[in-house]
Number of protein chains: 2
Amino acid sequence: MPTDIEIARSAKKRPIMDVAETLQIAPQDVIPYGHDKAKIAAHHLTSLRAKADGKLILVTAINPTPAGEGKTTTSIGLADAMNRIGNKTLLSLREPSLGPCFGMKGGATGGGQSQIVPMEDINLHFTGDFHAITSAHNLLSAMIDNHIHWGGDSGIDPTRISWRRVLDMNDRNLRNIVTGLGGTKNGTPIETGFDITVASEIMAILCLARDMQDMQDRLERMVIGYRRGRSPVTAKDMNAVGAMMALLKDAMLPNLVQTLEGNPALVHGGPFANIAHGCSSVIATRAALKMADYVVTEAGFGADLGAEKFFNIKCRQAGLTPNAAVLVATVRALKMHGGIAKDDVGSVSYDALEKGLANLGRHIENMREFGVPVVVAINRFTSDTSGEIAAVEAFCEKMGVPVALCTHWAEGGHGAEDLARKVTQLIETTPTEFRPLYPSDMPLFEKIETIAKRVYRASRVDAPKSVRDQLKRWELEGYGDFPVCMAKTQYSFSSDAKLFGAPDGHVLQLRDVRLSAGAGFIVGICGEIVTMPGLPRRPSAESIYLNSTGQIEGLS
Amino acid sequence: MPTDIEIARSAKKRPIMDVAETLQIAPQDVIPYGHDKAKIAAHHLTSLRAKADGKLILVTAINPTPAGEGKTTTSIGLADAMNRIGNKTLLSLREPSLGPCFGMKGGATGGGQSQIVPMEDINLHFTGDFHAITSAHNLLSAMIDNHIHWGGDSGIDPTRISWRRVLDMNDRNLRNIVTGLGGTKNGTPIETGFDITVASEIMAILCLARDMQDMQDRLERMVIGYRRGRSPVTAKDMNAVGAMMALLKDAMLPNLVQTLEGNPALVHGGPFANIAHGCSSVIATRAALKMADYVVTEAGFGADLGAEKFFNIKCRQAGLTPNAAVLVATVRALKMHGGIAKDDVGSVSYDALEKGLANLGRHIENMREFGVPVVVAINRFTSDTSGEIAAVEAFCEKMGVPVALCTHWAEGGHGAEDLARKVTQLIETTPTEFRPLYPSDMPLFEKIETIAKRVYRASRVDAPKSVRDQLKRWELEGYGDFPVCMAKTQYSFSSDAKLFGAPDGHVLQLRDVRLSAGAGFIVGICGEIVTMPGLPRRPSAESIYLNSTGQIEGLS
């Protein structure tokens, strides 16, 4: 059985200029990065404005389990299948983060016969977008500390700087640090730390901004700390935004690559799915809708977090209307939701499967809450029995949703043609009635309660008085219109990672709240959120190397 | 008067594929980064092996002063002029560091009518080489701390880790930091810091390695810390090198751009000129020699540091034979060496000029010590009088070296044609007798003494016993064959930055020594060396912005 990287490497890639041509992008508007990657020039994006939008399909999933669901793989398989059945379809996916490739996670470019290529490049430096964000973020950090060093007149309190630094690396030791040691010449001692680059507010901004001007306005609004009197200090106050824009200029342009089957894919942006909204860029998605009849995109984690934020944050801010949602489930993961341990997911258990289907059912209901037509995709594993699959199909039939069995991992787009047909049919027959779950003018705490009760099915939200007071202060300061971005465990509808299935009546513990004034949302933190991952005992980095022909081995 | 960035932006650039074609690089061996930058594929580099080498010309300078010498500008002007007079000539220059662009220094792509373009891209992210080095460096850092976190069995002493982290940013506050705070789950408290990326040993290695295998061998040899018993721990011991190579794969390929006049330029690597050797990559220079009849390259700082290291480190390790050296001087800088203050360099003073010429004379003598034929280039400023220029010309005549007046800053290659003819004639008539200044098997301290006495004209080297003992220990450990890389002020032949002109009889203060086992040299530190610059009170970042058409303004 060939590995993902072996399959990716043996792919016959089309020249990226040819891929661009199928999207009718003029050669001078294609900015090549090698022969298999490109950015799309701003000129082309502007030229698209008058065109009509295609249909938008969100691929989301049940709550993730260690058994794997294959959301990205299904997105790719679906796009290939859509193109196979004659629907001009374009992917709009997230860029993977470099850091986690050296930890445990591996890459994020799909798997098996449903991948985007060049797999190694996309997973590592790609076109440098994340490096640009890292540079822009850390330039601001350096300018803040420099401002303090020279006794600048913003009045910022060195003990109230909230802007940290970032690196695209899993580096536990950088979580909590003290900088500025070594005496007067070497800065001012400050307690701070590094987050991973995808957790940078700049990443969220890059993914939500509509254009360069919007990007600049958002960067200027970012709160980087406070004065003693608690009034906020912004990036604009540091005179940093112009130089940051110079660093981010190219990073704002969507990247073009292709699937193993040679279909075009936009891959752009990749914000955290907890403290940020976890979706690919608005610029790429909007451009994709102009260039194709169907756009397949995805959101991070399960539908309770990913789809909810896609709808309430990305679609609201960008004025997007999703036409359908694909809910990816696997028999193995459903059995884990029904109580089976990871090591036993290969053994048949109708009992566990039936119980686990409650998780799928809950997500189906939630999609309906947003008015979005839904299809279930069963991402087939070789260990699945036909009886188990029939049980899932029966469940979906009972729920009144179309369901398709998918074998794209083994067979490529051909294995997702049934899904493609069902998605197309759904879009043709069932108009979307999409609406966000709450209006923008609802009080912030009520927004959190609305998500908790209607999506998570919690009985109530438990929050300290300090948190409720903070939310009220932000409303007075003009941030009351912001949507909320929930940061909670992705493994459960609840804030307890071990509550599998479809729990209800639980209490959501809202521990803290944060303001992302530039990204334009309030983060509600339930439980512990790690914004700088660590490496495991045996990092995958130890197994990566260049073979004798200079190719990368060990990246998965 | 248009600014450098305005001149650069209005340039009519040739498509980079055309530039590559003039070097007979096959289209499939050109890896484009946009339409005006490219990397040269490994396949092409290999295909060059059997070809004969062109002539190698080093551009170096008198000791730098705040008045400016224009070494890079002269390198570019000379290459354009060489091509104008019919000599097929290729530049091999260093990549600028992104960090300093936001401080005081500005870019490093030449100036006036002698620039390489695209100026903004080369000065900022370019093709991502420095970002790749940053990633590879910090991956190793993370793996070291992770190794300690999990109780790895290398026996490394957490208080003796010498490997720091790097960022391509001027960030004073990161010089001295403590990481790993916040309890057991968040690593181990370690005193450390960040250097700027160009100071990374990986940068020096990238610039000295002959090929991928050499690169890997050198990375494996890097010493990252010590055990309690003082035995060294290497990057290989951390199992990090394979993944680092994966990150550095593309960064090893030379970058191709062009001058304002459309001549090809390789721009690759940019190590510090104090704790490292300050020259562009061996891979690029060797490739350039195969692709052109003449190659113009440069070395950091003045000839006492830059040319000395170019000869003793780069040429020795890479087996290169320089055919000529161009010594760049300006009337203004010579007057400063003669005692004139910076604000007065515009006023005529033959007395100061005569005194200052001693600095030029000393460098001419030193080039002869290496057996390399030398030409002096007077980089003309508008304030220079014909009498002053005549004085410099008379001095050179007395010294028996050709001298050329250059106006390439104002006139482009046309203004350096006289220099080009003189360089060509010198190479044709005066065979190089290049030899390094000391043999590899000379004891390390004697190597330092040799440089101090013969290049700096010091009477002796003053070093604490601990430093001499350390050098002896390294000899016993097998590092005795290494050349030495001097880290001293670039402003004087001595270790006192204020000793202008041509001091002799001074005592060189050798404060410390460091081992760069991968780069393959011993660093001799004289005085204080800052490996992480800070930002000034008014960083140039504050003046950089995107204009209404999306172009960068304020970058100089």
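Any read-out appearing in this document is the output of simple, stated calculations on the displayed coordinates, not a laboratory observation. Because the structure is a prediction, the values reported are computed rather than measured. With ideal geometry, Cβ positions are generated from the backbone for all residues, glycine too; neighbour counts draw on all protein chains shown.
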Within the protein assembly as shown, the percent of DSSP beta bridges that are antiparallel, given to the nearest 5, stands at 45 percent
In nanometres, the difference between 0.36 nm per residue of separation and the alpha-carbon distance of A:T159 and A:T188 is 9.4 nm
Here the whole-number average of other chain Cβ atoms within 10 Å per Cβ of A:113-125 is 2
Note: B:M104 to B:S347 extended length (0.36 nm per residue) minus current alpha-carbon separation gives 84.9 nm
So for R0 = 30 Å, FRET eff. of B:D53-B:K236 from the Cβ-Cβ r, to 0.05, ends up at 0.35
If N is the residue count of chain B, its Cα Rg over 2.2 N^0.38 Å rounds to 0.94
Among the Cα-Cα pairs of the range A:129-232, the proportion with separation greater than 21 Å, in percent, is 38 percent
Check: C-alpha center the range A:190-235 vs C-alpha center the range B:170-220, spacing in Å is 27 Å
Scaled by the rule-of-thumb 2.2 N^0.38 Å, the alpha carbon Rg for the range B:390-514 gives a ratio of 1.43
The aspartates and glutamates whose Cα lies under 14 Å from the Cα of B:K314, excluding any fewer than 8 residues away in the same chain, are B:E298
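Take peptide A:149-155, look around each residue's Cβ out to 10 angstrom, count Cβ atoms belonging to other protein chains, and average those counts.
Taking all residues of A:149-155 together, the mean is 2.
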If the chain between A:R228 and A:S459 were fully extended at 0.36 nm per residue, the gain over the current Cα-Cα distance would be 79.3 nm
Here the FRET efficiency for B:E542 versus A:H43, based on Cβ atoms and R0 = 35 Å and rounded to 0.05, is 0.75
Taking only the alpha carbons of the protein assembly as shown, the radius of gyration and the largest Cα-Cα distance, Dmax, both in angstrom, are 30.8, 101
Relative contact order as a percentage, chain B, C-alpha pairs under 8 Å and 6+ apart, gives 21 percent
In whole angstrom, the spacing between the Cα centers of the range B:464-481 and the range A:31-62 equals 59 Å
Inter-copy distances for B:G478, nm, shortest first, label points 7 Å along Cα→Cβ, are 6.6
In terms of the charge dipole of the range A:444-526, which places +1 on Lys and Arg and -1 on Asp and Glu at the beta carbon, the residue among A:A497, A:P464, A:L508 farthest towards the positive end is A:A497
Quick shape check on the range B:355-424: root eigenvalues a ≥ b ≥ c of the Cα gyration tensor, a/c under 1.5 is rounded, otherwise prolate if a/b tops b/c, else oblate, and it reads oblate
Sorting from shortest, the nanometre distances separating the label point of A:G86 (7 Å past Cα along the line to Cβ) from those of the same residue in the other copies are 6.7
Rounded to the nearest 10, the angle in degrees between the Cα long axis of helix A:386-399 and the longest principal axis of the Cα atoms of chain A comes to 70 degrees
Farthest towards the positive end of the dipole of the protein assembly as shown, among B:C101, A:T184, A:G112 and with Cβ unit charges of +1 on Lys and Arg and -1 on Asp and Glu, lies the Cα of A:T184
With +1 on the Cβ of every Lys and Arg and -1 on the Cβ of every Asp and Glu, the dipole magnitude of the range B:455-556 about its Cα centre, in debye rounded to the nearest 20, is 260 debye
From fewest to most C-beta neighbours within 10 Å, the residues B:T330, A:T3 line up as A:T3, B:T330
At 4 °C in a medium of viscosity 1.567 mPa s, the range B:444-526 has a Stokes-Einstein diffusion coefficient, with Rh taken as the Kirkwood radius over alpha carbon pairs, in µm² per second, of 100 µm²/s
Taking Cα atoms only, helix A:129-149 is inclined relative to the longest principal axis of chain A by an angle, in degrees rounded to 10, of 20 degrees
Using alpha carbon centers only, the range B:79-125 is separated from the range B:489-549 by a whole-angstrom value of 21 Å
Nearest 10, in degrees from 0 to 90: the angle of helix A:212-221 to the longest Cα principal axis of chain A is 50 degrees
In debye to the nearest 20, the charge dipole size for the protein assembly as shown, taken about the Cα centre with +1 at each Lys and Arg Cβ and -1 at each Asp and Glu Cβ, equals 1320 debye
Over 29 Å (Cα to Cα) among A:K342/B:K236; B:K13/B:K71; A:K88/A:K447 -> A:K342/B:K236; A:K88/A:K447
Going from the fewest other Cβ atoms within 10 Å to the most, one would list B:E397, A:E95, A:E411 as B:E397, A:E411, A:E95
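Please give the charge dipole size of the range A:129-232, origin at the Cα centre, charges +1 on K and R Cβ atoms and -1 on D and E Cβ atoms. Round to the nearest 20 debye.
In total the dipole reaches around 420 debye.
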Inter-copy distances for B:Q28, nm, shortest first, label points 7 Å along Cα→Cβ, are 3.0
The farthest towards the positive end of the charge dipole of the protein assembly as shown, of the residues A:I161, A:G278, B:H137, given +1 on Cβ of Lys and Arg and -1 on Cβ of Asp and Glu, is A:I161
Here the relative contact order (percent) of the range A:129-232, from C-alpha pairs under 8 Å and at least 6 apart, is 32 percent
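Just want the ordering: A:C207, B:C279, A:C315, from fewest to most Cβ atoms lying within 10 Å of their own Cβ.
A:C315, A:C207, B:C279
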